[in-house]
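Heads up, the thing below is written out as structure tokens.
The values are calculated or read from the model by the stated rules, or taken from the named source; none is laboratory data. Given the structure is predicted, the values throughout are model-derived calculations rather than measurements. Cβ sites come from the backbone with ideal geometry, for glycine too, and all protein chains shown count toward neighbours. Keep in mind that these areas ignore ligands, DNA and RNA; they rest on the heavy atoms of the full protein, side chains included. Shrake-Rupley method; radii C 1.70, N 1.55, O 1.52, S 1.80 Å.
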Amino acid sequence: MVAWTPSSWREKPITQDVTYPDAADHARVVRKLKHLPPLVSTQEIDSLAEQMADVAAGKAFLLQGGDCAELFDYCSETPIEHKLSLILIMSLILLNGAHIPIVRIMRIAGQYAKPRSKPTEMVDMPDDNGQTVKKEVLSFRGDNVNGYDMTERAPDPDRLVAAYFHSAATLNYIRTLLSSGFADLHKPLEWSFSYVRNPELQKQFENVVENLQDRLEFMKVATGGAGGSERGGTRTVNIFTSHEALLLEYEEAFTRSSGFVGPSVSAPTSRPTTPGPSRSASIARGERSPASSGVLPPKRYYNTSAHFIWIGDRTRQLDGAHIEYFRGIANPIGVKVGPGMQPDELVRMLDILNPDRVPGKVTLISRYGAAKVDEYLPAHIDAVKATDHVVVWQCDPMHGNTKTSTADASLKTRHFSDVMHEITRAFEIHREKGTVLGGIHLELTGELNDEGYSVTECIGGSMELEDKDLSLNYRTHCDPRLNYEQSLDVAFQVSDYLAAAKKGRKPRDLFKAARQ
Ligand code: PEP
Ligand code: CO
């Protein structure tokens, strides 16, 4: 194996690459990106790495969610508030049932690039005589590559710089909201929950908040005022960012060997055994102290464009550029695992990505589909169990469950019951195998239209959205997302499941519940 450097991926075959019309222009942009400051700090990344080790050990639960494809347009006050409040509300619902810290990672502040199954698509366009004809255009690859509009499909490198600044502005507003008390448990009912029209959901959430507030009061009394300090609990609200690291030139430009306060201080393996003191709401701050040995730790490289990055199911070739890049960075990383992954390939991949066997370093994001999870997940679990790798198992119940609307063949959709079925089976299969399903990975949005209605992209859930309703407020430019209510439905059902499992009761069949 060749020595790793932030650019050694360039020696490997790459999939889903973008070809820019002007190489010199692209090189100018990459120089600019290398000059720009990191978006997140190495200390924050180390803090997430510690928490992921807890998830791998079953001591915390991971909630990851956001858009399939973020658009530059989403970088605006209200959409960011809605997304943040949705993740916070879901995490409180999960915390209430799971009784363990919830690690929150959003697909936000950089989730722009999209892998595509076909590089081009046929679209209807007017010809010179005003007649509609079919034309072949490049597929939309995400706002950091080209535009959704048919006239903007040529890749433009300046979009990479625009992606950085939109990520920075989004992240800045999230940090601002959190540091101004947005996540304060004493006001969650003020979050955009008032948009949820279902009174039953409203009531359930009020109960959750009451319950958590009581628990907080109890903790205060019981601990003499230091209550609620558990990491990822109610007082310590941390939000981490993530995206699919598809465009490696961009990722390489933000690969830095130290944080803003000096050299990186410790490896994720040397974790404190007890949670630190109570922290205020924040984008998670690293709180590690320099190693006391006096010996400088070896240089470590971090991807500072997000706390957590993942490799998509289409770009995870063992000898490919993406695996090469990922094997050298210190961040916690994810890999999408679909039906095409062979069990022995999975093990070889873990050996490459995590040679030091850091617990929780790699998250396996399984995404088989409701109809296939029983066929593929058990063999993947067995293969990993036979090694000394300690991974985070996460279920993405979205990407194997994409279907076409029967009412309108141009719309992609997902059925809530398929989503719940895949989650349920993942929980059950892990229970049978003695492993832990550590988290869920969802495509969701708190986005509302001008009348305050949620999007209509997935079918089912407590609001009983039907196929014929999809066109009412269908807004995604990529995959269909769970809307506000459907996301809360998932959170309530998973929370119930975790609560029952904790008490040793047989958990409710989530799939059956989803169909009722
Ligand atoms: C995604 O998460 O948006 C995605 C494209 O997933 P996958 O790589 O699993 O298809
Ligand atoms: Co998607």
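Please determine whether any residue of the stretch 64-76 is small (Gly, Ala, Ser), under 29 Å from Met150 (Cα atoms) and surrounded by fewer than 21 Cβ atoms within 10 Å (Cβ to Cβ). Yes, that holds for at least one residue. Here the stretch 341-381 is the region considered, the condition is being within 16 Å of ligand 2 (Cβ to nearest atom) and of a type outside the set (A, V, I, L, M, F, W, C), and the residue that is most open to solvent (accessible area, probe 1.4 Å) is Arg367.
In the stretch 432-455, the residues that are without any contact (Cβ under 8 Å) to a residue 24 or more places away in the chain form no Cβ pair under 6 Å with any partner that is open to solvent by less than 10 Å² (accessible area, probe 1.4 Å) and assigned to a loop (DSSP other than H, G, I, E, B), whether six or more places apart or across chains. The single residue among Leu95, Leu62, Leu88 that is touching a strand residue (DSSP E or B) at 6+ places or on another chain (Cβ under 7 Å), under 25 Å from Tyr173 (Cβ atoms), away from ligand 1 (no atom under 16 Å from the Cβ) and not polar (S, T, N, Q) turns out to be Leu95.
Provide a single number: the residues in the stretch 96-136 that are open to solvent by 20 Å² or more (accessible area, probe 1.4 Å), among the β-branched types (Val, Ile, Thr) and touching a residue at least 12 places away in the same chain (Cβ under 8 Å).
Qualifying residue count for the region: 2.
If you go through the stretch 298-326 and keep only what is in a loop (DSSP other than H, G, I, E, B), within 12 Å of ligand 1 (Cβ to nearest atom) and not small (Gly, Ala, Ser), you end up with Asp313, Arg314, Thr315, Arg316.
A quick yes/no check of all residues on (1) in a strand (DSSP E or B); (2) within 19 Å of the chain's Cα centre (by Cα):
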position: Ile429; (1), (2): no, no
position: Ile440; (1), (2): yes, yes
position: His477; (1), (2): no, yes
position: Pro480; (1), (2): no, yes
position: Gln486; (1), (2): no, yes
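Within the stretch 116-125, is there a residue that is under 21 Å from the mean Cα position of the chain (by Cα), of a type outside the set (A, V, I, L, M) and either within 26 Å of Asn172 (Cα to Cα) or assigned to a strand (DSSP E or B) (or both)? For the stretch 116-125, residues under 21 Å from the mean Cα position of the chain (by Cα), of a type outside the set (A, V, I, L, M) and either within 26 Å of Asn172 (Cα to Cα) or assigned to a strand (DSSP E or B) (or both): absent.
In this structure, His415 does not satisfy being more than 21 Å from Cys68 (Cβ to Cβ) and without any contact (Cβ under 8 Å) to a residue 60 or more places away in the chain. Within the stretch 491-516, residues that are among the charged types (D, E, K, R) have Cβ atoms under 7 Å from residues that are at pLDDT below 70 and open to solvent by 20 Å² or more (accessible area, probe 1.4 Å) in these pairs: Asp496/Arg508, counting only partners at least 6 apart in sequence or on another chain.
Residues in the stretch 137-174 that are part of a helix (DSSP H, G or I), in contact with a strand residue (DSSP E or B) (Cβ under 9 Å, 6 or more places away or on another chain) and open to solvent by less than 20 Å² (accessible area, probe 1.4 Å): Ser167, Thr170, Leu171, Ile174. Contact map, the stretch 387-409: first residue more than 30 Å from Asp469 (Cα to Cα), second residue within 11 Å of ligand 1 (Cβ to nearest atom) and hydrophobic (A, V, I, L, M, F, W, C), Cβ cut-off under 6 Å, separation 6 or more or different chains; pairs are Gln394/Ile365.
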